[in-house]
Amino acid sequence: MSAPRVSATVECQKVSKSTCSSRMSVEGSSVTSASGCSQVSRAVRASVASTSSPATSCEGVTRRGTGRPACGGGAVGAGDGCDTTPDGSPRCRAVMNHSPGYPVQVRMDGVRVARGRSPRGARVAARLVAPLVVTVLVVVAGCAQVLPGRTAAVPATSSSAGPDRGGPGPVPPGEPPAAPGPTGPLLTARSTDEVAALTAEVLQDYWRARFPADFGRPWTDIGEFAPVRPGDPGAGAPPCVSRAADLTGQAFYCPAADAVVWDAEGLLPALRDRFGPVGPVVVLAHEIGHAVSTRLGVDAAQRREPASYPTILLEAMADCHAGAAIRHLVDTTTGGSAQLSVGLSERDAALLALIGFRDPLGIEAGDRSAHGNGFDRVSAFQDGYADGPARCAAMTLENREFTQRRFGSAADRARDGNLPLGRLLAAVGGDAPAWYGEVVAHRAPGSGWRAPEPAADPARSACDPTELAAQGAARFCTADGSVSVDRVLLSPLQEQFGDYAGATLIASRYGLAALQALGRPTQGPAAGRVAVCLAGAYTGRLIDPAGGFGLSPGDLDEAVQVLLAGDWAERDARGQAETTEHGYERVQRFRTGLLSGPGACGLTTAVGR
């Protein structure tokens, strides 16, 4: 969280995304795309056009099986993995500098894989290295990602691989939660190599049927699925890379070779250890998603209009296609006909894996190296899961809202966007009551309700201490209408996830307070669902606030993580929550509120009010 300086700019309102107005935002930040806001999309295009430049040419990169250059030396066709410089000459799309004078600082999430050089002519999915802070000066466009820290600490799952064997060791503080539960017997009994091979086979079958159904044209099978063992000195050169060692810790789709390539001895086993078998599945589904985009002509469109197709948009498309593919796997698993078993708990683990591949904190959506924060990547996945591939293919800067922002101040950057707990409580307590008060006043004029400031001592509440404790670290008391926090419980959550995890839980309790003020029930699953949605709506106003209190980079990811980790935000006034749902649904409701405002949360005034 932050309290930034502000300056006027044009920004799309969260409550009504079709309406643009002049508002205030963090000084020095660029405003990214939002549905219906041409001013915003132009800002992204301008930022994309100016923030980076190519770091290398495509010299030495050849098209698989032809011996001809992947870029240059002839016409550049669709799927070649190239684009053009401003003067019209071809260049490698994949390798570029990060913004001048702004090195990326990242911390890896407990997955130890040695670093290798980035493949050229490819979209790279993942680079995972030892759990320490490093500085990356060159970021590969497409899927080049690292796993930044500042997430949840939980006991690691058991693993035969330790730090000296290339796999993850014990999870240090600040790491993401372990994947929920093991997958079904069809995957747990298989090796990681077998899971990868089965994923390629099943998803190729899926796209053979789904691609023509959605797009009216036949699917062309992906030319090659290439598992690579970078540590094998006798391994040959993989597609689009001069040495196998260059693939360490990476996975990518290479349009020039029409190949999906991955590190089979480091990356995929590490993902499986961390997230279960669905970890490798979702990464390969993402890379296959890039192949889908290539077949739909996105590569050619990017060459014609590079500013209209920044990396972050292409990554959102691939995340979206991955969501559609995972939906197919979940549906067939539920229906009992799955070749590749992925259940609802594994769906949550897939979201956690995507969050792990988010951008380092402070990267703007308009940066040419940007892939998206965890919230945006999860959002794209959920859109594909809900609506299918056609939604993914229709994504543009005009209809896609990216929430990624830079730090608003040097002080905010220095503390990684986290306020100390006392300052967080003071900031939320000074901001949330007014917003929730307006929500109630709009629906019940004359009610006179004023939202309370959060109390630091729940023991003084008039409610049953057992019911209060069942709600978790943040509580709402129906007897006196108070909102309180248990600092002893809230502090570890802040350490695990970051400051906005706690703020999300507090906001959900204000949602229950608003329900009571409107004469609505505060008990039962429906109340919990509204509370989560309202927490999202409140959060939406903090993305580009009118001044004072606002979100920092990473805050939205912290909200998603705490929603995936437990049902605290969805618990009603008795501390009970819907038992049949998963973190996926909580994140979806939070997104609904954030993107569409409180009117989308099902609030109605009670009869007689």
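Rolling a 1.4 Å probe across all protein chains gives Y309 an accessible area of roughly 50 Å². Sorting T539, T592, T294, T334 by solvent-accessible area of protein heavy atoms yields T334, T592, T294, T539, largest first, with a 1.4 Å probe.
Using a 1.4 Å probe and counting only protein heavy atoms, arrange R460, R487 so the residue with the most accessible area comes first.
Of R460, R487, the descending order of accessible area is R460, R487.
The residues packed around V228, meaning those with a beta-carbon under 12 Å from its beta-carbon, carry a net charge of -4 if Lys and Arg are +1 and Asp and Glu are -1. Scalar couplings 3J(HN,Hα) for the range 440-455, obtained by applying the Karplus form with A = 6.51, B = -1.76, C = 1.60 to θ = phi - 60°, are 5, 4, 5, 9, 9, x, x, 5, x, 6, 10, 5, x, 6, x, 8 Hz; x denotes Gly and Pro. Using a probe of 1.4 Å on the protein chains alone, the accessible area found for S337 is around 80 Å².
Each residue of the range 472-479 was assigned a 3J(HN,Hα) from its phi angle through the Karplus expression (A = 6.51, B = -1.76, C = 1.60, θ = phi - 60°), giving x, 6, 10, 9, 10, 10, 6, 5 Hz with x at Gly and Pro.
For the range 224-265, the relative contact order works out to 48 percent when only alpha carbon pairs closer than 8 Å and six or more residues apart are counted. Across the range 502-517, coupling constants 3J(HN,Hα) worked out from phi with the 6.51/-1.76/1.60 Karplus curve, θ = phi - 60°, read x, 4, 4, 5, 4, 4, 5, 6, 5, x, 5, 4, 5, 4, 5, 5 Hz, and Gly and Pro carry x. Amide H to amide H, with H built 1.01 Å from N, Q250 comes under 5 Å of D263, L267, counting only residues 5 or more places away or on other chains.
Per-residue packing, averaged as other Cβ atoms within 10 Å, sorts the ranges 402-411, 377-386 into the order 377-386, 402-411, beginning with the highest.
Modelled spin-label separation between S409 and A209, with each label point placed 7 Å from Cα along the Cα-to-Cβ direction: 5.6 nm. Backbone amide hydrogens, once placed in the peptide plane, bring R406 within less than 5 Å of S30, excluding anything fewer than 5 places away on its chain. One decimal place: the segment S447-T220 gains 75.5 nm when fully extended, by the rule 0.36 nm per residue minus the C-alpha distance.
In terms of solvent-accessible area of protein heavy atoms at a 1.4 angstrom probe, what is the ranking of E558, E224, E265, highest value first? The partial results should precede the final answer.
Working: E558 0, E224 55, E265 80 Å².
Sorted by accessible area, descending: E265, E224, E558.
Given a 1.4 Å probe and the protein chains as shown, E495 ends up with an accessible area of around 140 Å².
The values are calculated or read from the model by the stated rules, or taken from the named source; none is laboratory data. Just so we're clear, the structure is a prediction, and the values are computed from it rather than from any experiment. Reconstructed Cβ throughout: ideal geometry from the backbone, glycine too, with neighbour counts over all protein chains shown. Heavy atoms of the whole protein, side chains included, go into the accessibility calculation; ligands, DNA and RNA do not. Shrake-Rupley method; radii C 1.70, N 1.55, O 1.52, S 1.80 Å.
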